[in-house]
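A.B. asks: Once you've had a glance at the structure underneath, I'll fire off some questions.
The values are calculated or read from the model by the stated rules, or taken from the named source; none is laboratory data. Source: prediction; values computed, not measured. Heads up, the Cβs are rebuilt from the backbone with ideal geometry, glycines too, and the neighbour counts pull from every protein chain shown. Just the protein is used for accessible areas: all its heavy atoms, side chains included, with ligands, DNA and RNA removed. Shrake-Rupley method; radii C 1.70, N 1.55, O 1.52, S 1.80 Å.
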Amino acid sequence: TQESPQIVKEATNYIRSPMVGSFYSAPAPGAPPFVSIGKSVTKGSVVCIVEAMKVMNEIHAELNGEIIEILAEDGESVEYSQPLFKIRKG
C-alpha cells in the first residue's frame, strides 16, 4: 500500500480591507512601506493606508504575526473585505 504524504497546512490569516478605496503601502510617495514580506507585526500596528473619498484611513493589524504575502498593488483599487495581506499568526 502507498501512504499519502502528510500535508501540513500552516495557520494563515488575512488582513482585509474594511472599505472600498485605493491601497497605499507607504505613508507618502517615495517613503518606505509600512510593512514588507517577512516583517513581524503586532496587533494595532499600521500595515497600509486605504484612501476613500479623499480621506487617508490607516489599516491596522488585527493580530500578532508575520507578513508572508502582500496581495494588493500600490495605488490599486480594493474592495470591501478584499484580502490585502497574508499573515502567519505568531
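A.B. asks: Tell me which strands (runs of 3 or more DSSP E) are completely within the range 10-66 and hold 3 or more residues being open to solvent by less than 70 Å² (accessible area, probe 1.4 Å), or say none if there are none.
C.D. replies: 12-16, 21-24, 46-52
A.B. asks: Applying the selection to the range 10-39, what residues are small (Gly, Ala, Ser) and either closer than 19 Å to Arg88 by Cβ or in contact with a Cys (Cβ under 7 Å, 6 or more places away or on another chain) (or both)?
C.D. replies: The answer is Ala11, Ser25, Ser36, Gly38.
A.B. asks: Can you pull out the residues in the range 69-79 that are open to solvent by 40 Å² or more (accessible area, probe 1.4 Å) and closer than 18 Å to Asn13 by Cβ?
C.D. replies: Result: Glu69, Ile70, Leu71.
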